[in-house]
Amino acid sequence: MMIRPANIADVRGLAALEARSFNKTDAWTASQYRDGLFDHKYEICVVSVGKIRYAASYIVRFDTALNMYIYGMCVTPRLRNQGIGRAVLQHITYKNDIFNITLTVRSSNDAAIRLYKRMGFHVVRKMHMYYDDGEDGLRMKLYRK
Ligand SMILES: CC(C)(COP(=O)(O)OP(=O)(O)OC[C@H]1O[C@@H](n2cnc3c(N)ncnc32)[C@H](O)[C@@H]1OP(=O)(O)O)[C@@H](O)C(=O)NCCC(=O)NCCS
């Protein structure tokens, strides 16, 4: 597995991976990726596995010197349940071990919620009708000292 910062040549590959991974309303489009790459608050990374260039990805946003937000992470459907999501999340949390990390997840997304809980995240708030289709969100946090 290799994790590297995304660049402008990755925009279409990343948007295609998002479209395979998220609901239409949640997925970042190519133009959102383009904007994100030029916004210094965001870190966008591409994960390749063997010959699969867009196996997984993540987007984080640095809000303050102590707080960051995981905007999203995904693993391409055919590679799920093989430990890649866990490894990517471990990479994010180890690399940013001074930050309190926040994220929001759909309340029906059992796979992601279980993964986040196993990594030490706690549900701190239920976000009523947070998503465009009316589904609730769960705000989860991993606190550091
Ligand atoms: C959530 C996601 C990133 C997990 O990636 P993954 O590579 O499949 O996860 P892993 O194989 O590393 O599994 C890690 C843990 O996740 C949980 N998990 C993964 N798939 C699961 C499933 N289908 N059902 C329940 N739990 C699941 C488990 O806790 C698992 O660990 P365990 O088997 O030891 O209990 C992946 O399912 C995905 O890309 N989903 C679509 C996009 C998304 O929802 N992203 C997160 C929202 S912000």
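No value in this document is a laboratory result; all are computed from the given coordinates. Predicted model only: the values in this text are computed from it and were never measured. Positions of Cβ are generated from backbone atoms using ideal geometry, with glycine treated the same way; all protein chains shown enter the neighbour counts.
Restriction of the trypsin sites (Lys or Arg not before Pro) in the range 15-95 to DSSP coil positions whose beta-carbon has at most 10 other beta-carbons within 10 angstrom yields LYS24, LYS51. Farthest toward the positive end of the dipole of the chain, out of ASN67, MET129, SER31, is the Cα of ASN67, where the dipole comes from beta carbon charges about the Cα centre. For ALA56, the amide hydrogen comes within under 5 Å of the amide hydrogens of VAL47, THR76, counting only partners 5 or more places away or on other chains and with H modelled in the peptide plane. Pairs of Cα atoms in the chain fall into 5 Å distance bins, from 0 up to the last occupied one, in shares of 2, 9, 19, 23, 23, 17, 6, 1, 0 percent. Between ILE8 and ARG139, the FRET efficiency from the beta-carbon distance, with R0 = 30 Å, is close to 0.40. Ordered by the number of other Cβ atoms lying within 10 Å of each residue's own Cβ, fewest first, SER57, SER108, SER21 fall into the sequence SER108, SER21, SER57.
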